[in-house]
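The values are calculated or read from the model by the stated rules, or taken from the named source; none is laboratory data. Every value quoted in this text rests on a predicted model; they were computed, and no experiment measured them. Here the Cβ positions follow ideal geometry from the backbone for every residue, glycine too, while neighbour counts run over all protein chains shown.
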Amino acid sequence: MTEFTVIYEQATDGGWGAYAPDLPGLGVVGETVEEAETLIREGILIYLDELKADGKPAPKSTTRISTVKIPA
C-alpha cells in the first residue's frame, strides 16, 4: 500500500480544499471535508493511473507533517 500526505484547508466560504504535495498539480475542492477527502482519494488514483499509462513510476512520498506548539 502506498501512502501520500494530504493537506486539507477550510476556505473562507466554508468549503474545503485538499492537495497532495508529492503529486504536483493535484488539488480538489469540496463543500465538506468529507467530500474533499473522497475527491482527493479519487484524484490520487487517477493521477497514479496516468503516470502508469505514461510508463512513469509513482513518486515516493517525501512530505512530512508535524505540529509546532508555541506559547499563547
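Return yes or no: is Ser66 assigned to a loop (DSSP other than H, G, I, E, B), at pLDDT below 95 and surrounded by 10 or more Cβ atoms within 10 Å (Cβ to Cβ)? So Ser66 fails the test. Among the residues of region 19-61, the one identified as hydroxyl-bearing (Ser, Thr, Tyr) and in contact with an Asp or Glu (Cβ under 6 Å, 6 or more places away or on another chain) is Ser61. With the condition kept exactly as written, say whether any residue in region 21-36 is out of contact with any Ser or Thr (no Cβ under 7 Å at 6 or more places or on another chain), on the phi > 0 side of the Ramachandran plot, without any contact (Cβ under 8 Å) to a residue 12 or more places away in the chain and not acidic (Asp, Glu). Yes, that holds for at least one residue. Go through the residues of region 20-32 one by one and say whether even a single one is under 13 Å from the mean Cα position of the chain (by Cα), part of a helix (DSSP H, G or I), surrounded by 11 or more Cβ atoms within 10 Å (Cβ to Cβ) and β-branched (Val, Ile, Thr). No; the residues of region 20-32 include none that is under 13 Å from the mean Cα position of the chain (by Cα), part of a helix (DSSP H, G or I), surrounded by 11 or more Cβ atoms within 10 Å (Cβ to Cβ) and β-branched (Val, Ile, Thr).
Scan region 3-11 and give yes if some residue there is surrounded by 10 or more Cβ atoms within 10 Å (Cβ to Cβ), in a helix (DSSP H, G or I) and among the aromatic types (Phe, Trp, Tyr), otherwise no. Scanning region 3-11, I find no residue that is surrounded by 10 or more Cβ atoms within 10 Å (Cβ to Cβ), in a helix (DSSP H, G or I) and among the aromatic types (Phe, Trp, Tyr), so the answer is no.
Annotation note: of Ile46, Ile40, the sole residue that is modelled with pLDDT of 95 or more, part of a helix (DSSP H, G or I) and over 9 Å from the mean Cα position of the chain (by Cα) is Ile46. Consider region 37-62 and keep the residues that are in contact (Cβ under 8 Å) with a residue 24 or more places away in the chain and surrounded by fewer than 14 Cβ atoms within 10 Å (Cβ to Cβ). The one that is farthest from Val6 (Cα to Cα) is Lys60.
Against the conditions (1) at positive phi; (2) surrounded by 13 or more Cβ atoms within 10 Å (Cβ to Cβ); (3) not acidic (Asp, Glu), Gly14 satisfies every one except (2).
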